[in-house]
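This is the structure, below, for whatever I ask next.
The values are calculated or read from the model by the stated rules, or taken from the named source; none is laboratory data. Please read these numbers as outputs of a predicted model, since none were measured by experiment. No Cβ is skipped: glycine too gets one built from the backbone with ideal geometry, and neighbour counts run over all protein chains shown. Surface accessibility is based on the protein's heavy atoms, side chains included, excluding ligands, DNA and RNA. Shrake-Rupley method; radii C 1.70, N 1.55, O 1.52, S 1.80 Å.
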Amino acid sequence: MTALTISLGKITHNARQLNELCEQRGIEISGVTKGVWGDPIVAGAIIDGGIKMLAESRLENISRLRTAGIDCPLWLLRIPALSEVKQVVALADLSLNSELSVIAALSEAALSCNKKHAIILMVDLGDLREGILPEDLFDSVARILEFQGVQLMGLGTNLSCYGGVIPTATNLGQLVTYAEQVEARFAMKLRYISGGNSSSLPLLLAGDMPSRINHLRLGESILFGRETVKRNALDGTYQDAFLFEAEIIERKKKGSVPLGKIGEDAFGTIPRFQDRGERVRAIVNLGRADTEIAGIVPVAPGVEILGASSDHLILDVTTASETQCAVGEKLCFSMNYAALLRAMPGACTVYKET
Ligand SMILES: *Cc1c(COP(=O)(O)O)cnc(C)c1O
């Protein structure tokens, strides 16, 4: 049986480290739970680290958090679909937005249940994912202020996700300038200037974060202790809060090149092999249906991934410990964010307190 072991203590520790780092610089954090599909136990571990708000990209996951009794503010990260504005207003305390027609519909939905829905207007600073273009900023804000059912809480941006644009003092400084122009022109104060995700941490650590940026949305850095520009480990954090475990179901000495004429494999590519002679090979009960194989790394020394099909992972264990790699033994794999994201929905999760 494959299992995904989650160290809650490590996640709490990472959350606390990042929360303290950001607090010193006047930055609030929304802890992002989409990597664990809104798992309420992991969410609880993040809150235990002192983080006071959570953010999610999917309404189903927000609903899961609410059902489990998580009562802190919950933000919706993915800009809402026009067809789901009612649920957004019912479930999320705030949503990120970039379309006036959706904001109008959110306003209507909020008014119909005597609520005011908080929004952050996303500005595209060049990454080309969500956000209004800067030239449309004033017109958009003017329209938003006419909608009675929404409250504009601030401006935000998202970088590094699609275009890979690195957050800098220049592009985030531009966001601050836009926010200050909005404040001056509309005689209002914006509560949040949300300067991005885990990719904004190197700028913060370098001391170059524009001072009015007062909010970040952090997911991967809390879960994996890494910033996301170069995926460097962050000082004083854990990178191994998640471990995938699978059992060895076959161990045999076999050749390293398949016998016979080679056609397509199970996934439509024609595999190529290097002849390394006879090797000791092991198969574990884990495959492409379970996770992103490119995102996992065996923990035990000498274990090398050769390939995977839907449900089988084939390993070279020639130089690994024979007792560790016997049939029936469990092997651990470290995971990256992509592997976790794929593994989480179907995984059998085991929570460790430490
Ligand atoms: C996923 C997401 C985040 C969190 O990103 P990390 O790299 O995991 O910190 C922040 N903001 C938005 C809009 C997101 O979609």
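Please compute P(r) over all alpha-carbon pairs of segment 53-207, binned at 10 Å starting from zero, and give each bin as a whole-number percent.
For segment 53-207, the pair-distance distribution reads 11, 40, 36, 13, 1.
Would you list the P(r) distribution for segment 162-289, with all Cα-Cα distances sorted into 5 Å bins from 0 and each bin expressed as a whole %?
Reading upward from the zero bin: 2, 8, 12, 12, 11, 8, 8, 9, 8, 7, 6, 5, 3, 2, 1, 0.
Would you kindly derive the ³J(HN,Hα) couplings of segment 238-246 from the backbone phi angles with the Karplus curve 6.51 cos²θ - 1.76 cosθ + 1.60 (θ = phi - 60°), listing them in order in whole Hz, with x for Gly and Pro?
Rounded to whole hertz, the list is 9, 9, 10, 6, 10, 9, 9, 10, 9.
Taking θ as phi - 60°, what are the ³J(HN,Hα) couplings along segment 14-25 by the Karplus curve (6.51, -1.76, 1.60), each to the nearest whole Hz, with x for Gly and Pro?
So the Karplus estimates, Gly and Pro as x, are 4, 4, 5, 4, 5, 5, 5, 4, 6, 4, 4, 9 Hz.
Could you please state how large a percent of the accessible area of segment 235-354 is carbon and sulfur, counting protein chains only and using a 1.4 Å probe?
50
Taking θ = phi - 60°, what integer Hz values does the Karplus form 6.51 cos²θ - 1.76 cosθ + 1.60 yield along segment 33-38, in sequence order, with x for Gly and Pro?
After applying 6.51 cos²θ - 1.76 cosθ + 1.60, I find 9, 5, x, 10, 6, x Hz.
So what are the chain's ellipsoid semi-axes, whole angstrom, largest first, if each one is the square root of 5 times an eigenvalue of the alpha-carbon gyration tensor?
44, 20, 20
Would you mind classifying segment 46-96 by shape? Square roots of the alpha carbon gyration tensor eigenvalues, ordered a ≥ b ≥ c; an a/c under 1.5 is rounded, otherwise it is prolate if a/b is larger than b/c and oblate if not.
In terms of gyration-tensor shape, prolate.
Do any trypsin sites (Lys or Arg not before Pro) in segment 195-266 lie in a loop, going by DSSP, with at most 14 other beta-carbon atoms within 10 Å of their beta carbon, and if so which?
LYS230, ARG231, LYS261
Using a 1.4 Å probe over the heavy atoms of the protein chains, calculate the carbon and sulfur portion of the accessible area of segment 1-118 as a whole percent.
Carbon and sulfur: 52 percent of the exposed surface of segment 1-118.
Compute the Rg/Rh shape ratio of segment 67-150: radius of gyration over Kirkwood radius, all on alpha-carbon atoms.
Ratio of gyration radius to Kirkwood radius: 0.98.
With every protein chain present, what is the per residue accessible area of segment 236-286 (1.4 Å probe, Å²)?
Averaged over the residues of segment 236-286, the accessible area is 65 Å².
Let me ask something else. Keeping all protein chains in place, calculate the accessible area per residue for segment 1-116 (probe 1.4 angstrom), answer in Å².
Normalised by residue count, the accessible surface of segment 1-116 is 41 Å².
Still on this structure, I have one more. Expressed as cubic angstrom per residue, what is the convex hull volume of the alpha carbon set of segment 275-354?
For segment 275-354, the hull spanned by Cα atoms encloses 115 Å³ per residue.
Loop only per DSSP, at most 12 neighbouring Cβ atoms within 10 Å: give me the GluC sites (Glu not before Pro) in segment 270-354, ordered by residue number.
Those satisfying the criteria are GLU278, GLU322, GLU353.
Could you pull the Cα extents of segment 1-96 along its three principal axes, largest to smallest, in whole Å?
45, 38, 20
Out of every Cα pair in segment 205-354, what percent are spaced more than 25 Å from each other?
Roughly 42 percent, once rounded to a whole number.
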